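A quick write-up on the structure given underneath.
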Amino acid sequence: MKIERTKNATRNIIYGTAFKIYTMFVPFLMRTLMIYLLGVKYLGLNSLFTSVLQVLNLAESGVGGAMVFSMYHPISTDNKEKICALMRLYKIYYRIIGTVVLVGGIVVTPFLPYLVKGDIPSDINLYVLFYLNLASTINTYWLFGYKNSLLFAHQRADISNKVSLFTETLKYLLQIVALVFLRSYYLYTIVIIAVQILTNIITAIITNKMYPSYKAKGMLPKEEIKKINSKIKDLFLTKIGTVIFNSADTLVISAFWGLEILAVYQNYFFILTSISGIINIVYSSCMAGIGNSLVTENVDKNYGDLKKITLLIFWITGFCSICLLCLYQPFMRVWVTEKLMLEFKAVILFCIYFFVNQIYLMFELFKDAAGMWHEDRFRPIIVAAINLFLNLVLGWHLGIYGVLIASCVAKGCLGIPWVLHNLFTVVYKGGFREYVKKLVHYAVSAIIACAGTYLLTVCIRIGGIGEIILKLVSCCILGNIFLWLFFRNDEEYKQLIHLAINMLPNQIKQMFFRKKER
């Protein structure tokens with residue numbers, strides 16, 4: 001089966017971006033309601049349980065990625081029998097994972113009070129709330145969770161986004177009722193469980209209709225299962241490092257300084273991760289296409305794709321960093337008021353972390369698309385271990401600023417150089433120095449663009465929403481002018497412009513470009 005990589009990636013990006021913007025705005029509304037109706041400690045509990053469940057989800061680490069990767073080749077050759085056997089194996093693994101997560105949750109239960117410094121809300125039973133969140137996670141695996149693999153392997157993440165758009169809307173409406181009219185945090189959490197079940201069922205029905213010939217049946221050869229299990233083991237090492245890295249900050253802040261400080265930190269981090277989520281749509285939408293290309297195209301073509309995507313990500317990340325630097329404090333002042341704000345030096349650190357993390361994730365995209373998990377298996381764990389160590393040391397002396405510095409140092413000084421070396425050792429095998437020069441050029445350009453735009457907009461101090469809008473417009477104009485000046489002469493920039501023109505509808509191309517030819 002031939003996959004239209006550009007068409008599918010474009011569709012996934014469009015639907016994914018629309019869905020992500022929606023799921024940025026509404027959770028922001030829910031977070032705001034929780035701050036003003038229940039208090040910041042409830043936000044701290046949300047973040048804490050999310051981090052704890054991320055650790056428990058280590059049982060899944062590697063299974064989903066390995067199974068989707070294993071489907072790329074049989075889909076390209078239309079080997080339905082093998083795809084069905086892969087689905088059956090995936091189904092079995094997910095049932096086992098759900099059971100492991102449940103057992104892990106029971107084991108963790110006695111240690112929950114030690115993860116929170118200070119008091120919790122008086123109307124909350126920590127254990128009941130934890131088990132409600134645990135139930136939501138388990139349902140992800142036990143109830144048709146494996147069906148999503150078909151959509152992602154076929155680059156049809158847009159279908160998953162459409163389903164989520166419907167079910168998430170229902171969830172938010174019910175949660176608003178729970179918060180505004182009933183002031184019940186328990187009911188707020190129960191809604192998550194019910195909607196997760198509904199999402200899985202709808203996704204399974206749609207997948208069955210789209211791919212009726214794919215059923216979870218058949219057996220893979222033992223050698224094939226061994227290969228998949230080997231990929232899962234390598235991916236597990238990768239994912240365990242990612243989970244430890246992502247959970248360390250939250251657990252350290254909660255244990256050292258309590259739920260209120262964690263909530264303030266997470267308010268800033270919520271904005272950062274929301275913006276990151278939009279960029280991550282580009283990653284997830286391109287994943288299957290890059291994986292398919294690495295299997296079917298030559299090295300030069302894939303190296304060219306790497307350079308084009310690198311420029312695209314640096315431009316997007318640079319622009320977003322500019323906006324964060326200029327808009328963070330004015331936005332937080334309107335949203336949560338001065339009493340729940342951090343100092344501007346924290347904003348600088350958040351922007352640095354955002355930039356470093358996005359470049360790190362870009363390299364992770366190519367690594368995962370290439371299935372380069374065995375060669376890269378130790379890096380994530382070592383990066384996570386160093387981050388945790390620095391969190392404890394720097395956090396103890398510098399507070400949450402030390403936590404942010406630790407993350408920037410671990411990923412920027414160790415993680416990025418390491419994964420980049422592995423990519424050019426295993427996948428591309430040439431052009432390393434040229435590529436590193438481009439990275440340095442792009443990074444310096446983005447830093448100058450951030451500093452220049454901030455200095456030109458810092459004088460805008462009219463306050464309120466008006467200041468946010470005026471600064472946003474200034475960032476869009478000035479920031480992109482800076483980036484264009486730095487990037488316009490790159491060959492990859494010209495290729496991206498050509499690609500963007502080809503992706504336009506024919507009517508628009510005829511209207512604008514044929515006139516020029518005449």
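Among the residues of segment 256-276, which ones are out of contact with any Asp or Glu (no Cβ under 9 Å at 6 or more places or on another chain), closer than 21 Å to ILE124 by Cα and not hydrophobic (A, V, I, L, M, F, W, C)?
GLU260, GLN266
How many residues are more than 15 Å from LEU349 (Cβ to Cβ) and of a type in the set (Gly, Ala, Ser) when one looks only at segment 394-427?
1
Given the structure, is LYS209 among the basic types (Lys, Arg) and free of Cβ contacts under 8 Å to residues at least 24 places away in the same chain? Give the steps one after another, and end with the answer.
Values: among the basic types (Lys, Arg): yes; free of Cβ contacts under 8 Å to residues at least 24 places away in the same chain: yes.
When the stated conditions are applied, LYS209 passes them.
Applying the selection to segment 186-213, what residues are open to solvent by 40 Å² or more (accessible area, probe 1.4 Å) and over 25 Å from the mean Cα position of the chain (by Cα)?
TYR186, LEU187, ILE205, ASN208, LYS209, MET210, PRO212, SER213
Tally time: how many residues in segment 78-111 are free of Cβ contacts under 8 Å to residues at least 24 places away in the same chain and surrounded by 16 or more Cβ atoms within 10 Å (Cβ to Cβ)?
0
Condition test on TYR328, is it assigned to a helix (DSSP H, G or I), closer than 23 Å to VAL426 by Cβ and at pLDDT 85 or above?
Criteria not met by TYR328.
Would you say LEU170 is modelled with pLDDT of 80 or more and open to solvent by 20 Å² or more (accessible area, probe 1.4 Å)? Talk me through it step by step, then tell me what you get.
Details: modelled with pLDDT of 80 or more: yes; open to solvent by 20 Å² or more (accessible area, probe 1.4 Å): yes.
Yes, satisfied.
Please enumerate the residues belonging to segment 474-518 that are modelled with pLDDT of 90 or more and among the polar types (S, T, N, Q).
SER474, ASN480
Could you tell me how many of the residues in segment 428-437 are at pLDDT 90 or above and either of a type in the set (A, V, I, L, M, F, W, C) or crowded, with 17+ Cβ neighbours inside 10 Å (or both)?
Counting residues in segment 428-437 that are at pLDDT 90 or above and either of a type in the set (A, V, I, L, M, F, W, C) or crowded, with 17+ Cβ neighbours inside 10 Å (or both) gives 2.
Collect the residues in segment 214-232 that are of a type in the set (Lys, Arg) and either assigned to a loop (DSSP other than H, G, I, E, B) or surrounded by 15 or more Cβ atoms within 10 Å (Cβ to Cβ) (or both), keeping them in residue-number order.
LYS215, LYS217, LYS231
Conditions tested, residue by residue: (1) of a type outside the set (A, V, I, L, M); (2) modelled with pLDDT of 85 or more; (3) under 15 Å from LEU150 (Cα atoms); (4) in contact with a Gly (Cβ under 6 Å, 6 or more places away or on another chain).
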| site | (1), (2), (3), (4) |
| --- | --- |
| LYS215 | yes, no, yes, no |
| LEU220 | no, no, no, no |
| ILE228 | no, no, no, no |
| LYS233 | yes, no, no, no |
| ILE244 | no, no, no, no |
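Return the residues of segment 272-302 that are open to solvent by 30 Å² or more (accessible area, probe 1.4 Å) and part of a helix (DSSP H, G or I); say none if nothing qualifies.
THR273, ILE275, ILE278, ASN280, SER284, MET287, LEU294, VAL295, THR296, VAL299, ASP300, LYS301
For segment 446-470, how many residues meet the condition of being open to solvent by 40 Å² or more (accessible area, probe 1.4 Å), within 18 Å of CYS320 (Cα to Cα) and of a type outside the set (A, V, I, L, M)?
Residues meeting the conditions: 1.
Evaluate the following for THR137: is it in a helix (DSSP H, G or I), open to solvent by less than 30 Å² (accessible area, probe 1.4 Å) and at pLDDT 80 or above? Walk me through it before giving the result.
Numbers: in a helix (DSSP H, G or I): yes; open to solvent by less than 30 Å² (accessible area, probe 1.4 Å): yes; at pLDDT 80 or above: no.
Taking the combined requirement at face value, the residue does not satisfy it.
Checking the conditions here, which among PHE245, PHE236 is open to solvent by 40 Å² or more (accessible area, probe 1.4 Å), assigned to a helix (DSSP H, G or I) and hydrophobic (A, V, I, L, M, F, W, C)?
PHE236
Quick one: in segment 173-185, which of the residues that are crowded, with 17+ Cβ neighbours inside 10 Å and either touching a residue at least 40 places away in the same chain (Cβ under 8 Å) or closer than 13 Å to LEU29 by Cβ (or both) is nearest to the chain's Cα centre (by Cα)?
GLN175
Please identify the pairs in which a residue from segment 473-493 that is over 24 Å from ILE460 (Cα atoms) has its Cβ atom under 8 Å from the Cβ atom of a residue that is open to solvent by less than 70 Å² (accessible area, probe 1.4 Å) and among the small types (Gly, Ala, Ser), counting only partners at least 6 apart or on another chain.
The qualifying pairs are PHE486/SER445; PHE486/ALA449; PHE487/SER445.
The values are calculated or read from the model by the stated rules, or taken from the named source; none is laboratory data. Quick caveat, the model's predicted, so the values are computed rather than measured. We place every Cβ from the backbone using ideal geometry, glycine too, and count neighbours over all the protein chains shown. All accessible areas refer to the heavy atoms of the entire protein, side chains included, with ligands and DNA or RNA removed. Shrake-Rupley method; radii C 1.70, N 1.55, O 1.52, S 1.80 Å.
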